[in-house]
Structures are given as C-alpha cells and as structure tokens.
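Trainee: Attaching a single structure in structure tokens format; questions to follow.
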Ligand code: SF4
Ligand code: SF4
C-alpha cells in the first residue's frame with residue numbers, strides 16, 4: 001500500500017481482488033515456500049519506487065482490507081485531533097475472523113463508487129506522517145512465525161506487490177531493513193511485533209464459552225485499541241484499588257498514550273491469563 005510516496009498508497013481490489021493490507025499474518029513454518037510473493041531473507045534485495053509519474057499512481061488506497069493495529073490508532077487519532085473512541089466509531093469496522101478469538105480492526109473505506117480510503121486526497125495521503133504500519137511496509141508483507149522453543153515471534157518477509165503496481169519495475173533497490181528505515185517504519189514495526197506477541201495468545205479460545213459478546217473480550221479490546229477510554233477506566237474506576245501499577249509507569253500513563261498502550265497489553269495478559277509482568281500486579 002503505500003508509503004513509498006508521500007502522496008500515494010495502496011491497492012485496488014478491482015485489479016487484485018485478494019489484496020489485503022496486513023502485516024501481522026501468522027504463517028506455517030512448513031509451508032513458507034508455498035506462500036505467494038518472494039521471500040526476503042537477511043540481505044535479499046527488491047526493486048521498488050513509487051512516484052506520481054507512474055500510470056498506477058493513486059490507484060491503490062481503495063477497496064482494501066487494511067488492518068489497523070493499536071499503535072496505528074494512537075498515531076491516527078492524534079493526527080486527526082480526535083479521541084480513540086471517535087476514531088473507532090468513525091473509521092473502524094470491528095470483525096471477528098475464524099482463525100483468531102480477538103476481533104480485528106479494519107479501516108472503513110469510504111462509501112463511494114471506488115471505496116477509497118477515507119484518508120486519500122487528490123495529492124495523496126492526508127495522514128502521511130502517521131499512516132498505518134501496513135501502508136508503510138507495503139509492498140513488503142510481514143508474516144509471523146511462533147518459535148515454540150523460545151516462545152518468541154519471529155518475522156518473515158515477502159515482497160508481494162499486486163500486478164498493477166508499476167513501482168516494482170523501477171530500479172531502486174532495498175533490503176527489508178533499509179525499506180523500513182526509508183518509510184520511517186522502525187518504531188511501527190516494533191510496536192506491531194509487540195502487539196503480535198499478545199495477539200498470538202488469542203489463537204486459542206480464552207473466553208471459555210462466553211461467546212463473541214464476552215464482556216472480557218470487550219474489556220480487552222478497549223485496553224488495546226481504545227486508549228482514551230482505557231485511561232478513563234484506569235483513573236476513574238476502582239481499577240487502581242484492584243491493581244498496583246509500578247509508580248514510574250503510573251505517572252507516565254496519565255499523559256503518554258504509548259506507555260498506556262504497553263501497560264494495557266500487560267493488563268490484558270494479567271486479566272485474561274493471570275500472567276504477571278513488570279508493569280502491573282493484582283493487589
Ligand atoms: S492511510 Fe494513506 S497510505 Fe494508507 S491507504 Fe489510506 S491514503 Fe493510502
Ligand atoms: S507504484 Fe504501487 S504503491 Fe505506488 S501508486 Fe502505483 S500501485 Fe500504488
């Protein structure tokens with residue numbers, strides 16, 4: 001999707017109906033060779049350059065399944081000057097996939113003929129400095145392998161531009177690392193990996209028969225995606241009587257969304273599975 005060019009971005013489902021902008025896909029280690037796209041390892045390079053002179057310019061960024069991650073929401077709502085509640089209400093579709101017991105947040109496309117991204121404007125991307133991780137990483141897709149020995153998530157990368165994307169025929173060369181730096185995606189990739197580690201725990205049903213309307217699931221979604229509402233919950237409910245948050249952290253989360261997001265991830269681990277972390281303990 002985008003990222004290469006300040007004013008451009010992503011894919012056109014009318015041209016490639018399977019195009020999904022997601023970088024947090026869990027992949028089967030035994031079937032890596034069968035996945036679409038070219039796998040990029042270590043210093044493997046790929047050619048790509050997106051610019052307004054290309055015939056495909058401005059044809060992506062429409063009719064796409066663009067997955068948003070918690071850090072994306074923080075950056076976007078801040079850019080737009082609205083609360084996370086308002087952002088989710090106005091721009092997000094929450095969907096549940098068969099493969100996971102935690103809902104996905106998809107950016108809601110505009111209700112027009114082309115189903116354009118709500119942030120696509122004539123000159124490109126309205127939220128360019130704070131565009132989602134998937135837009136930055138495109139046309140590279142990141143898959144995740146769970147290393148059961150070390151209990152760690154390991155990334156794998158694939159170069160996978162849609163056929164209509166002319167940027168792949170340009171000569172500029174990148175590695176996944178240099179591309180990430182060029183797209184200012186390093187911090188995003190880090191935050192997405194942190195989220196992926198937690199999200200992977202939802203591949204088994206933690207709701208024990210409570211079903212899709214589980215109140216615990218709603219609380220976990222709020223703590224990870226709806227940061228302003230979570231802050232209100234932390235400071236204006238009995239939360240701090242029930243949980244002890246490390247003092248240095250408590251001070252930071254009053255204002256710092258990123259710290260609150262990390263604390264929220266820790267709280268979900270404690271709340272759902274009883275896992276203790278350095279951030280928070282039960283009183
Ligand atoms: S957020 Fe920006 S880069 Fe991403 S799809 Fe929308 S317009 Fe394109
Ligand atoms: S080169 Fe690819 S990313 Fe750039 S505008 Fe064309 S289709 Fe979109």
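The values are calculated or read from the model by the stated rules, or taken from the named source; none is laboratory data. Keep in mind that this is a model prediction, so the values were computed, not measured. Every residue, glycine as well, gets a Cβ built from its backbone with ideal geometry; the counts of neighbours run over all protein chains shown.
Trainee: Let me confirm something: among 113, 137, 83, which residue is touching a helix residue (DSSP H, G or I) at 6+ places or on another chain (Cβ under 9 Å) and either at pLDDT below 95 or not assigned by TED's automatic domain parsing to the domain that holds residue 51 (or both)?
Mentor: Details: 113 fails: touching a helix residue (DSSP H, G or I) at 6+ places or on another chain (Cβ under 9 Å); 83 fails: either at pLDDT below 95 or not assigned by TED's automatic domain parsing to the domain that holds residue 51 (or both).
After applying the criteria, what remains is 137.
Trainee: Further, regarding this structure: State all residues of the stretch 43-77 that are surrounded by fewer than 16 Cβ atoms within 10 Å (Cβ to Cβ) and in contact with a helix residue (DSSP H, G or I) (Cβ under 9 Å, 6 or more places away or on another chain); if no residue qualifies, say none. Before the answer, list the steps.
Mentor: First pass over the stretch 43-77, keeping only residues surrounded by fewer than 16 Cβ atoms within 10 Å (Cβ to Cβ): 43-45, 47, 51-53, 55.
Result: 43, 44, 45, 47, 51, 55.
Trainee: Separate question: Pick out the one residue from 235, 221 that is surrounded by fewer than 16 Cβ atoms within 10 Å (Cβ to Cβ) and at pLDDT 95 or above. Full working, then the answer.
Mentor: Numbers: 221 fails: surrounded by fewer than 16 Cβ atoms within 10 Å (Cβ to Cβ).
None of the other options fit; the residue is 235.
Trainee: Which one of these is more than 24 Å from the chain's Cα centre (by Cα), in the same structural domain as residue 75 (by TED's automatic domain parsing) and not in a helix (DSSP H, G or I): 237, 171? Lay out the reasoning, then the answer.
Mentor: On the way: 237 fails: in the same structural domain as residue 75 (by TED's automatic domain parsing).
On inspection, the qualifying residue turns out to be 171.
Trainee: Return yes or no: is residue 96 within 14 Å of ligand 1 (Cβ to nearest atom) and either touching a strand residue (DSSP E or B) at 6+ places or on another chain (Cβ under 7 Å) or at negative phi (or both)? Even if it seems obvious, please write down each step before you answer.
Mentor: Details: within 14 Å of ligand 1 (Cβ to nearest atom): no; either touching a strand residue (DSSP E or B) at 6+ places or on another chain (Cβ under 7 Å) or at negative phi (or both): yes.
For residue 96, the condition - within 14 Å of ligand 1 (Cβ to nearest atom) and either touching a strand residue (DSSP E or B) at 6+ places or on another chain (Cβ under 7 Å) or at negative phi (or both) - is not met.
Trainee: Can you name every residue in the stretch 57-67 that is within 12 Å of ligand 2 (Cβ to nearest atom) and in contact with a strand residue (DSSP E or B) (Cβ under 8 Å, 6 or more places away or on another chain)?
Mentor: Residues of the stretch 57-67 within 12 Å of ligand 2 (Cβ to nearest atom): 57-62, 64.
Once the filter is applied, which keeps residues that are within 12 Å of ligand 2 (Cβ to nearest atom) and in contact with a strand residue (DSSP E or B) (Cβ under 8 Å, 6 or more places away or on another chain), the stretch 57-67 yields 58, 59, 60, 61, 62, 64.
Trainee: Look through the stretch 123-134, keep the residues that are part of a loop (DSSP other than H, G, I, E, B) and without any contact (Cβ under 8 Å) to a residue 60 or more places away in the chain, and return whichever of them is farthest from residue 185 (Cα to Cα). So that I can check it myself, show each step before the final result.
Mentor: If we filter the stretch 123-134 for residues that are part of a loop (DSSP other than H, G, I, E, B), which is where we start, we get 123, 126-127, 131-132.
Those left that are additionally without any contact (Cβ under 8 Å) to a residue 60 or more places away in the chain: 126-127.
Numbers: 126: 17, 127: 14 Å.
Restricting to residues being part of a loop (DSSP other than H, G, I, E, B) and without any contact (Cβ under 8 Å) to a residue 60 or more places away in the chain, the top hit is 126.
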